[in-house]
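Below you'll find the structure, written out as structure tokens, and then a few comments.
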Amino acid sequence: MTMNIFTYLSILLMLLIAVPGRLAYGICILIFLILLILSGSLFKKLIYKLGIQEFQVVLLSIFLVSMTVLLRQLLVMFCPIIALTMGYAVFMPALSAFLLNNLYEEKSVNTIEFQNTMRQGLLFSGLMIVIFLLRDIIGFGTITLPVYNDLAVIHIFKSVPSGVAAGTALASIPGSFFLIGIAIVISSMIRNRNIKNNMLRKAQDEELENVE
């Protein structure tokens, strides 16, 4: 499954803008995302086993929303503060999982595609964790973690100067756009470098073949 930059951008926008800029909320929302990708892949496989793939999109949409409601209730039991603060943002991973997993494609899920999907989901989650961590540290001078019935707050800086608006801005919605831009630039540089290396390797192989 090949993901383009616009798909990643839409998912980044959905999660970063809707979710508060704290690591604790990022961890919870990404756990939702991974569980939805995993359960959505298995449910899609079940759909094809039962031979009802013509209703695939409808069934998967209902399943992902239902799973989100269940996960939200578990989050309410674990930490009501996080569930209340995130509000309807907890439903964003359902759409994100739908896109990341390409659940709209009319084909069954084999082992290789499942592994690739999970790998992409984990890599994406790793990127998101880094962004949420930066927003938490630079924006608030803390690292927050979800614990039972509360948020664990680790203070990195003893005091954050009130006159410094740059750090706080990163935890805001405009700051999300800035971090997304940086992530896109870095990913584009890595992708272009890989393309150039592949083209160079291919040219060298062709040159060797011509010499032989």
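Brief remarks on what is shown
- Scope region 127-149; condition modelled with pLDDT of 85 or more and on the phi > 0 side of the Ramachandran plot; matching residues: 149
- Meets criteria (in contact with a helix residue (DSSP H, G or I) (Cβ under 8 Å, 6 or more places away or on another chain), within 19 Å of residue 146 (Cβ to Cβ), touching a residue at least 40 places away in the same chain (Cβ under 8 Å) and open to solvent by less than 40 Å² (accessible area, probe 1.4 Å)) for residue 129: no
- Any hit, region 44-52, residues being at positive phi and either open to solvent by 60 Å² or more (accessible area, probe 1.4 Å) or at pLDDT 85 or above (or both): yes
- Residues of region 55-82 that turn out to be open to solvent by less than 20 Å² (accessible area, probe 1.4 Å) and of a type in the set (Val, Ile, Thr), as a count: 2
- Only listed residue being within 16 Å of the chain's Cα centre (by Cα) and surrounded by 14 or more Cβ atoms within 10 Å (Cβ to Cβ), chosen from 117, 85: 117
- Of the criteria (1) buried (at least 23 other Cβ atoms within 10 Å of the Cβ); (2) modelled with pLDDT under 90; (3) not in a loop (DSSP other than H, G, I, E, B), which one residue 24 fails: (2)
The values are calculated or read from the model by the stated rules, or taken from the named source; none is laboratory data. Note that this is a predicted model, so its numbers are computed, not measured. Neighbour counts are summed over all protein chains in view; Cβ atoms, including those assigned to glycine, are modelled from backbone coordinates with ideal geometry. Note: areas computed on protein heavy atoms with side chains; ligands, DNA, RNA excluded. Shrake-Rupley method; radii C 1.70, N 1.55, O 1.52, S 1.80 Å.
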